[in-house]
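Here is the structure we will look at, set down as structure tokens.
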Amino acid sequence: MTTTTAEKPATQSEYVPDKRGFWAGVFYRWPVKLVILIVVIIWIIPTLGVLVSSFRPPDAVNANGWWTVFTNLGSNEWTLSNYSDVLSSEGFGNSFLNSLSVTIPATVMPITIAAFAAYGFAWMEFPGRQWLFVLVVAMLVIPLQMALIPLLRLYTTINLNGTFPAVWLAHTGFGLPLAIYLLRNYIGSLPSSMMESASIDGATPFETFTQLVVPLSVPVLASFAIFQFLWVWNDLLIALVFLGGEPDVRVITLALNNLNGSRGQAWHLLTAGAFITMALPLVVFLSLQRYFVRGLTAGSVKG
Amino acid sequence: MADIVDEEASEVEKAAEARPINPIYKGPGPNFLTQLMRIGVSLAVPLIAFGILYWAGTVLLDENANRLVVVVMALIIGVLGVFALFYGMNWLTMRLPERYRHFVLPFVFVGPAIVLLTIFLVYPTVVTFKLSFQNAQGEGFVWLDNYIDIFTDSGTLEALRNSVLWVIIVPALAVSIGLGFAVLADKLGSKGEAFSKSFIFMPMAISFVGASIVWRFIYNFRPEGFGEQIGLLNGIWTAIGNEPVAWLLQEPWNNFYLMVILVWLQVGFAMVILSAGIKSVPDDILEAARIDGAKEFQVFWRIIIPSISSTLVVVLTTIIITVWKVFDIVYVMTSGEFGTSVVAERMVTEFFTFGNEGAGAALAVVLLVAITPLMVLNVRRFQAQEAQR
């Protein structure tokens, strides 16, 4: 955007409005901008409708479409009562806490275990090192449905069903392939001269891991953490099967699903509930987008 | 976002140096005791951690439902506790004679993960295969009956048909829109590009359940005479003079309306990855083509597309895998009724709602078997990457 790029031909991706004045800049490549604008509008309208409706009084939500608020600006009423209703009487407040209780441990536990394993796979010699890791790559693709029935049986025998540890462990197990894969690729790319000099200086593998590898791997640890956090927070299937819908343990996605089942036409509540469910992931996503993209590149085969 | 690609390229270069750094050891090989110790250190961390978690999760939670205590406990166990267990195992192993230490130490690191993967993925996969040959209660062998049912029952055949449609339509749409948007946004200034992309990308953070509610609101229907339409689609549809339509009941089109939700969610993913691919196409090649008189669409089809073909394959397979396993959207929107069921949703319904373990397991096996080619593809790609290192 600075004048230093102004000499480049217009076919370059740099876009140079400076020389043309403000309006010429706005209309420069207008067909491209128009298409982009239309797609962006289509993409945000669904969320916008939910956001607007969640702040309208129930009568208004039912009386006319949410888009009418833009045609009669000024005569609109706004309220927070939908949110307070959903949070208290529909139990979303409690479910929000349950989701946090599930998500935070289920994000942290696989990271610790996978970091150790990734270091072992990358820098230690042991029989089966290669094919075990190939197995991990293959496991990235296994559908969760494969694990549901046997695990539910196992949990029932040891009386773990419907408890938080049941979900923590399940998410830890299902999150491990991706975590090991991501971390091993990163840790394996650290320079071997560094590892060798650490070992010559008398550091044990454990010391090398804690004092050298972990501090250097913070970016990839963060990207996996964000990915796993969003995945666990947004999960419905594992929570539905292993935790269930009892109000004291029910997570927020399940609360929203149940509200949808019981009061499917109460749109003032559904929109507020949907927005409460989306709020935290959106904040995490918008603030840490860079790391998220990185994790996504390698990680979206999971599940 | 182009720097992501650069980073990865340099990682691969650096990885050329990677090789194991165990201390050099020229003593006798492993014996029976070594194997026992390997198994021991692998099992110790998961088992002890499980014991503590079990206590924390069940005992603590029963006494009072103070979630903060539970979460803090889980965090302490999850980070410090697990770490302390690794530390302890390492400490013990380092005290072994060198003959054992050398062979056991790697399993202090990788053992716990292997044990967890075995319990949560390998063991269930084997059991599910076995259950798929058994009856609804998971007893006695009925052999292929469950599979014969899947491929003869009209309900499951419909689910199979829908799943195939999902797997074709959703990836095709998501990749086309994502690619188109990435190419166009590339022509904007860097600020405008990042800004417009983040709107397309944003739905990635939304859960399938949340997205389903968002779109149920759009498809909302009221019969004529029951008040104004509050669903956007019917609002537009009636404004241009049509009768309101119950979109989600329109077989077979309702399948397509559900697919739109997943497209909305997945385009951002396709766009971000493909955009990084497009930016890695060298500028001088593009410029040379333009100087030689190539039109923009020729540059796109003859240069950009071939250059990013491997990225396209990655994005396509990734989205196909996601689509094949889609459960939440159908479950929330229609519960699989009105001709909209898909295999992944059907599996949960059979097992969870109808309590038919055999049928559920057989459907899960169908899910896995159908996805195996992509699994092989992933493994091959990984091995090719490794060979380059």
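Some values worked out for this structure:
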| item | result |
| --- | --- |
| Some residue of segment A:156-178 being more than 9 Å from every other protein chain (Cβ to nearest Cβ) and outside any helix (DSSP H, G or I) | yes |
| In segment A:99-131, the residues that are crowded, with 18+ Cβ neighbours inside 10 Å and more than 7 Å from chain B (Cβ to nearest Cβ) | A:Ser99, A:Val102, A:Thr103, A:Ala106, A:Thr107, A:Pro110, A:Ile111, A:Ala115, A:Ala118 |
| Residue that is modelled with the highest pLDDT [pool: residues in segment A:265-287 that are over 19 Å from B:Ile218 (Cβ atoms) and not aliphatic (A, V, I, L, M)] | A:Pro281 |
| Qualifying residue in segment A:257-264 (condition: among the hydrophobic types (A, V, I, L, M, F, W, C) and modelled with pLDDT of 90 or more) | no |
| Residue in segment A:23-37 that is under 30 Å from B:Phe208 (Cβ atoms), away from every other protein chain (no Cβ under 11 Å) and either at pLDDT 85 or above or surrounded by 15 or more Cβ atoms within 10 Å (Cβ to Cβ) (or both) present | no |
| Some residue of segment B:249-260 being aliphatic (A, V, I, L, M), over 29 Å from A:Ser287 (Cα atoms) and surrounded by fewer than 17 Cβ atoms within 10 Å (Cβ to Cβ) | yes |
| Which listed residue, of A:Phe206, A:Phe242, A:Phe229, is assigned to a helix (DSSP H, G or I) and within 26 Å of B:Met375 (Cα to Cα) | A:Phe229 |
| Top-ranked residue in segment A:179-202 [being among the charged types (D, E, K, R) and in a helix (DSSP H, G or I); ranked as surrounded by the fewest Cβ atoms within 10 Å (Cβ to Cβ)] | A:Glu196 |
| Residue ID - nearest to A:Ile142 (Cα to Cα), chosen from residues in segment B:81-106 that are surrounded by fewer than 24 Cβ atoms within 10 Å (Cβ to Cβ) and touching a Ser or Thr at 6+ places or on another chain (Cβ under 7 Å) | B:Phe83 |
| Condition check for A:Pro219: surrounded by fewer than 18 Cβ atoms within 10 Å (Cβ to Cβ), modelled with pLDDT under 85 and either out of contact with any Asp or Glu (no Cβ under 7 Å at 6 or more places or on another chain) or assigned to a helix (DSSP H, G or I) (or both) | yes |
| So A:Phe164, is it hydrophobic (A, V, I, L, M, F, W, C), crowded, with 24+ Cβ neighbours inside 10 Å and farther than 23 Å from B:Glu345 by Cβ | yes |
| Given (1) outside any helix (DSSP H, G or I); (2) at the interface with chain A (Cβ under 8 Å from one of its Cβ atoms); (3) under 29 Å from the mean Cα position of the chain (by Cα), index of the condition B:Ala136 fails | (2) |
| Residues being surrounded by 13 or more Cβ atoms within 10 Å (Cβ to Cβ) and assigned to a helix (DSSP H, G or I) - total across segment B:140-167 | 17 |
| Output for segment A:240-262, where each listed residue is within 16 Å of the chain's Cα centre (by Cα) and not hydroxyl-bearing (Ser, Thr, Tyr) | A:Val251, A:Ile252 |
| Residue in segment B:325-335 that is away from chain A (no Cβ under 11 Å) and surrounded by fewer than 18 Cβ atoms within 10 Å (Cβ to Cβ) present | no |
| Test: B:Phe181 is modelled with pLDDT of 90 or more, within 12 Å of chain A (Cβ to nearest Cβ) and within 21 Å of B:Leu316 (Cα to Cα) | yes |
| Output for segment A:137-155, where each listed residue is within 7 Å of chain B (Cβ to nearest Cβ), more than 18 Å from A:Leu236 (Cβ to Cβ) and aliphatic (A, V, I, L, M) | A:Val137, A:Ala138, A:Met139, A:Leu140, A:Val141, A:Ile142 |
| Subset of segment B:58-77 [at the interface with another protein chain (Cβ under 7 Å from one of its Cβ atoms) and modelled with pLDDT under 65] | B:Leu61, B:Ala65 |
| Residue in segment B:161-184 that is in contact (Cβ under 8 Å) with a residue 60 or more places away in the chain, over 30 Å from A:Phe242 (Cβ atoms), not aliphatic (A, V, I, L, M) and not assigned by TED's automatic domain parsing to the domain that holds B:Ala364 present | no |
| Elements of type helices (runs of 4 or more DSSP H) in segment B:219-319, at least 2 residues being at the interface with chain A (Cβ under 10 Å from one of its Cβ atoms) and touching a residue at least 60 places away in the same chain (Cβ under 8 Å) | B:253-279 |
| Test for A:Met139: is it within 29 Å of B:Gln134 (Cβ to Cβ) and free of Cβ contacts under 8 Å to residues at least 12 places away in the same chain | no |
| Given (1) at negative phi; (2) touching a Lys or Arg at 6+ places or on another chain (Cβ under 9 Å), number of the condition B:Thr340 does not satisfy | (2) |
| Number of positions in segment B:331-377 that are part of a helix (DSSP H, G or I) and of a type in the set (S, T, N, Q) | 3 |
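The values are calculated or read from the model by the stated rules, or taken from the named source; none is laboratory data. Quick caveat, the model's predicted, so the values are computed rather than measured. Reconstructed Cβ throughout: ideal geometry from the backbone, glycine too, with neighbour counts over all protein chains shown.
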